[in-house]
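Contents: one structure, followed by commentary.
The values are calculated or read from the model by the stated rules, or taken from the named source; none is laboratory data. None of the values given here were measured: they were computed from a predicted structure. We place every Cβ from the backbone using ideal geometry, glycine too, and count neighbours over all the protein chains shown. Remember, those area values only see protein heavy atoms, side chains included, never the ligands or the DNA or RNA. Shrake-Rupley method; radii C 1.70, N 1.55, O 1.52, S 1.80 Å.
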Amino acid sequence: MSEYATPKVFVRYIGDDGEEWDAEYSEFAPVTGRFVFHGTQGYRVAEVWDIQAKHGAVEYGLTAFVDAVDVMEHRLGQHAPSYYRG
């Protein structure tokens, strides 16, 4: 199957630390508990909402609410501490 046949998912991320960003070409929809690394900050997905209202307070489509985590307390940071330690 060609890479062009793979469906892409638009996801809006909203962090508990005030960060917000869009992932326009995600290969999958986020699920609760999954970790996301954005910029230099790690997050854990707390809730995923499929917003159907086109005129609401949050963008239409998939929205993932994420909580900031300390990467060094998780396996990613423990695997490569020299890289993730700022």
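Miscellaneous remarks
- Some residue of the range 39-46 being outside any strand (DSSP E or B), among the polar types (S, T, N, Q), within 27 Å of Arg85 (Cα to Cα) and open to solvent by 50 Å² or more (accessible area, probe 1.4 Å): yes
- Test: Glu20 is in contact with a strand residue (DSSP E or B) (Cβ under 7 Å, 6 or more places away or on another chain) and either of a type in the set (Gly, Ala, Ser) or touching a residue at least 40 places away in the same chain (Cβ under 8 Å) (or both): no
- Flag for Asp16 being in contact with a Lys or Arg (Cβ under 6 Å, 6 or more places away or on another chain), open to solvent by 60 Å² or more (accessible area, probe 1.4 Å) and not aromatic (Phe, Trp, Tyr): no
- Evaluation of Ala23 against the conditions (1) open to solvent by 90 Å² or more (accessible area, probe 1.4 Å); (2) under 11 Å from the mean Cα position of the chain (by Cα) shows that the sole unmet condition is (1).
- Any hit, the range 69-84, residues being among the hydrophobic types (A, V, I, L, M, F, W, C), at pLDDT 95 or above and under 11 Å from the mean Cα position of the chain (by Cα): no
- Residues within the range 30-86 that are β-branched (Val, Ile, Thr) and over 18 Å from Glu19 (Cβ atoms), tallied: 3
- Count of the range 47-86 residues which are of a type outside the set (Gly, Ala, Ser) and open to solvent by 60 Å² or more (accessible area, probe 1.4 Å): 19
- Selection count where residues are part of a strand (DSSP E or B) and over 24 Å from Asp70 (Cα atoms), scope the range 2-38: 4
- Among the residues of the range 47-86, those that are in a loop (DSSP other than H, G, I, E, B) and of a type in the set (A, V, I, L, M, F, W, C) comprise Ala53, Ala57, Val58, Ala80.
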